[in-house]
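The values are calculated or read from the model by the stated rules, or taken from the named source; none is laboratory data. Predicted model, so just to flag it, every value in this text is computed and none were measured. Positions of Cβ are backbone-derived with ideal geometry, glycine not excepted, and every protein chain shown enters the neighbour counts.
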Ligand SMILES: [Zn+2]
């Protein structure tokens, strides 16, 4: 762990320098940087069975994060958390979450440290937001979350994509369906959005900020079963 921390520190120092030379030196980044900018992922590649990626952002509520973890475990689901790392629930739920992260049943990906609109920041500050979250996940869960990140609010532009790619965050992940539950939302609206969102190849966006989803877990499971959908993590689907 000590050696890993030193490595992350080196990556961080190198990244905050944000030099073209540093970018060119990265094996994940072509020297023809602008031409090679990645495009955001919004859905899964086709597979020979129906599948969707259930992704859950933020983590502002301890109970919401906890119940998602228990739900995934109890129902043999696979899920990706996009971690907003300065939120306490990522520390307070560590003990029950860590084994699922280690087995790969739950994937952790980067959703920044303080949840800013990255398009309003300098490239250096974009990199700090991603790297401090990266270091948190590495230190506490032992995982390197690269290459996947989700920009808060889905706000992204070429400058953000380039700054992130210089760190090895080469795969921005957006979504193709949403539960609309970043804040509290009424049950009927939530279920309407869920019905419209859950389907083959979809990347579905939920939030661990309140208990709206928890109150509808049974209905969400019914949709998965009725539609024959298997849940996969982003890494499952893209093989990285
Ligand atoms: Zn968010």
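Need pairs with beta-carbon distance below 7 Å; first residue on the phi > 0 side of the Ramachandran plot and within the stretch 171-192, second away from the ligand (no atom under 13 Å from the Cβ); sequence gap 6+ or separate chains.
Here the result reads 180/189; 180/190; 180/193, each pair linking the stretch 171-192 to a residue that is away from the ligand (no atom under 13 Å from the Cβ).
State yes or no: is residue 153 surrounded by 17 or more Cβ atoms within 10 Å (Cβ to Cβ) and closer than 24 Å to residue 127 by Cα?
Answer is no for this residue.
Out of all the residues in the stretch 216-235, is one or more more than 18 Å from residue 41 (Cβ to Cβ), assigned to a loop (DSSP other than H, G, I, E, B), in contact (Cβ under 8 Å) with a residue 60 or more places away in the chain and under 20 Å from the mean Cα position of the chain (by Cα)?
Among the residues of the stretch 216-235, not one is more than 18 Å from residue 41 (Cβ to Cβ), assigned to a loop (DSSP other than H, G, I, E, B), in contact (Cβ under 8 Å) with a residue 60 or more places away in the chain and under 20 Å from the mean Cα position of the chain (by Cα), which makes the answer no.
Would you mention how many residues in the stretch 57-76 are out of contact with any helix residue (DSSP H, G or I) (no Cβ under 6 Å at 6 or more places or on another chain) and buried (at least 19 other Cβ atoms within 10 Å of the Cβ)?
The number of residues fulfilling the criteria is 6.
Taking the options 135, 106, name whichever one is touching a helix residue (DSSP H, G or I) at 6+ places or on another chain (Cβ under 9 Å) and within 20 Å of residue 55 (Cβ to Cβ).
So the residue among 135, 106 that is touching a helix residue (DSSP H, G or I) at 6+ places or on another chain (Cβ under 9 Å) and within 20 Å of residue 55 (Cβ to Cβ) is 106.
Modelled with pLDDT of 95 or more, away from the ligand (no atom under 16 Å from the Cβ) and under 17 Å from the mean Cα position of the chain (by Cα) - does that describe any residue in the stretch 182-198?
No, every residue in the stretch 182-198 fails to be modelled with pLDDT of 95 or more, away from the ligand (no atom under 16 Å from the Cβ) and under 17 Å from the mean Cα position of the chain (by Cα).
Go through (1) in a helix (DSSP H, G or I); (2) in contact with a strand residue (DSSP E or B) (Cβ under 6 Å, 6 or more places away or on another chain) and name the single condition residue 204 misses.
(1)
Considering the stretch 170-181 alone, what residues qualify as being away from the ligand (no atom under 16 Å from the Cβ) and touching a strand residue (DSSP E or B) at 6+ places or on another chain (Cβ under 8 Å)?
171, 176
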